[in-house]
1. Whole percent per 10 Å bin, from 0 to the bin with the longest distance: what is P(r) over all C-alpha pairs of segment 1-60?
2. If you average the sequence gap of Cα pairs under 8 Å that are 6 or more apart and divide by the length of segment 1-130, what percent do you get for the contact order?
3. Run the reach check for Lys168 against aspartates and glutamates, Cα to Cα strictly under 19 Å, same-chain hits fewer than 8 apart removed. What comes back?
4. Where the only charges are on Cβ atoms (+1 Lys, Arg; -1 Asp, Glu), what is the dipole of the chain about its Cα centre, to the nearest 20 debye?
5. Could you check the simple spin-label distance between Arg153 and Asp81, using points 7 Å along Cα→Cβ, in nm with one decimal?
6. Only helical DSSP H runs with n ≥ 4 go in: add -39500 (n - 2.57) per run for the chain, normalise by residue count and round the 222 nm mean residue ellipticity to 500 deg cm²/dmol.
7. When all C-alpha to C-alpha distances in the chain are sorted into bins of 5 Å, what percent of pairs does each bin hold, rounded to whole numbers?
8. With the Cα gyration tensor of segment 71-151 giving a ≥ b ≥ c as the square roots of its eigenvalues, does the rule (a/c under 1.5 for rounded; else a/b larger than b/c for prolate; else oblate) give rounded, prolate or oblate?
Amino acid sequence: MKYSVEAKSRKDLRLLAHHIRDRLRLKPSDAFPAVEMLELLDIWVPDAFFEIVEEDELGKGAHAETEITKSIIRIREDIYDRACAGNGRDRMTVVHEIAHLIMLRGLGFRLTRSFRDKVKAYSDPEWQAKCLAGELMMDSRYIAGMTSAEVARKCGVSEEAAKLQLSKI
Ligand SMILES: [Zn+2]
């Protein structure tokens, strides 16, 4: 089953990321506190919570999932542990799930089933979560002009994610 969500452009999501970061009183240069945010989900969704789960509780190969109707984020234990230790890719996984929760529950972006074969990127909940997570972790007001290695180190992301983000500035 494919889902479609009301369209948001990267520009929309970039402004949203600035708003979220400002509300958390983060400076543009502060690394996004991915794991700490899991403890603060109720800022966005009053009844939201997260669980750390064993590998067999998620789909095969899945790192994490968000059950929107119940406002639960489930993170695989090894992913959570590595995110706590500062691994960029795992931190991004955590923020990706938080992005889903904020958009679909906190802000109520409208989600509908899609009967088309292909959902346009701007309306794809996965594209939106990927985009918002990147914008949250790498503040566009900060990273312009930096190298991908600097962005990776200062923002706590993988160099691959840093390269992708810099290509969007
Ligand atoms: Zn996702």
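1. Histogramming segment 1-60 at 10 Å steps yields 16, 33, 38, 14 percent.
2. Working: 160 pairs, mean separation 47.6, N = 130.
Value for segment 1-130: 37 percent.
3. Within the straight-line limit of under 19 Å, Lys168 reaches these aspartates and glutamates: Asp12, Asp124, Glu126, Glu135, Asp139, Glu150, Glu159, Glu160.
4. Values: 28 positive and 28 negative charges, 223 e Å.
Dipole of the chain, to the nearest 20 debye: 1080 debye.
5. Computed distance between label sites Arg153 and Asp81 equals 2.8 nm.
6. After summing the helix terms and dividing by residue count, I get -12500 deg cm²/dmol.
7. Once binned at 5 Å, the Cα pair distances of the chain give 1, 9, 18, 21, 21, 17, 9, 3, 0.
8. Oblate shape, in that a/c is at least 1.5 and b/c is the bigger or equal ratio.
Taken together, the values in this text are just the output of simple stated rules run on the coordinates, not laboratory data. Every value quoted in this text rests on a predicted model; they were computed, and no experiment measured them. Virtual Cβ from ideal backbone geometry, glycine too; neighbours counted across all protein chains shown.
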